[in-house]
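All remarks here apply to the structure that follows.
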Amino acid sequence: MDLTADIVADTYRKLSSAPLKLFIDGRSVDALSGGLVYIRNPATGAVIARAADGSGLDIDAAVQAARRAFDSGPWGRMLVPERRSLMLQLADAVESAAG
């Protein structure tokens, strides 16, 4: 098996092992409803992953958490040039990680 096939197989194992959660307020959480959505391979129709089925209540919780983080964290107090610099560093890191 080549490296790409190994990565795909490993990713599939991770996706199919446990439902993907929502990321709200710095934590991975289940949907408030407890519901799941099934993600299918469009070529075969096979279920390849399950994910938390977020609703309006989950969106409200995420927006409230984001507002709290912005109002009380350092990002909201930073000047625009500082934010820009950090975003460019993040973009460089993502590009480096992508190969």
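Can you pull out the residues in segment 49-60 that are more than 17 Å from residue 20 (Cβ to Cβ) and either open to solvent by 90 Å² or more (accessible area, probe 1.4 Å) or within 16 Å of the chain's Cα centre (by Cα) (or both)?
The one that is more than 17 Å from residue 20 (Cβ to Cβ) and either open to solvent by 90 Å² or more (accessible area, probe 1.4 Å) or within 16 Å of the chain's Cα centre (by Cα) (or both): 57.
Give me the pairs: first residue in segment 68-85 and within 15 Å of residue 26 (Cα to Cα), second residue part of a helix (DSSP H, G or I) and open to solvent by less than 90 Å² (accessible area, probe 1.4 Å), beta-carbon distance under 6 Å, and six or more apart or on different chains, which are they?
As it stands, the answer is 70/76, since those pairs meet every condition given.
Here are some residues: 10, 6. Which one is at pLDDT below 95, among the acidic types (Asp, Glu) and more than 19 Å from the chain's Cα centre (by Cα)?
6
The values are calculated or read from the model by the stated rules, or taken from the named source; none is laboratory data. Here the structure is a predicted model, which is why all the values come from computation and not from measurement. Quick reminder, even Gly has a Cβ in these numbers, built from the backbone with ideal geometry, and neighbours come from all protein chains shown. Surface areas here come from the heavy atoms of the whole protein model, side chains and all, with no ligands, DNA or RNA. Shrake-Rupley method; radii C 1.70, N 1.55, O 1.52, S 1.80 Å.
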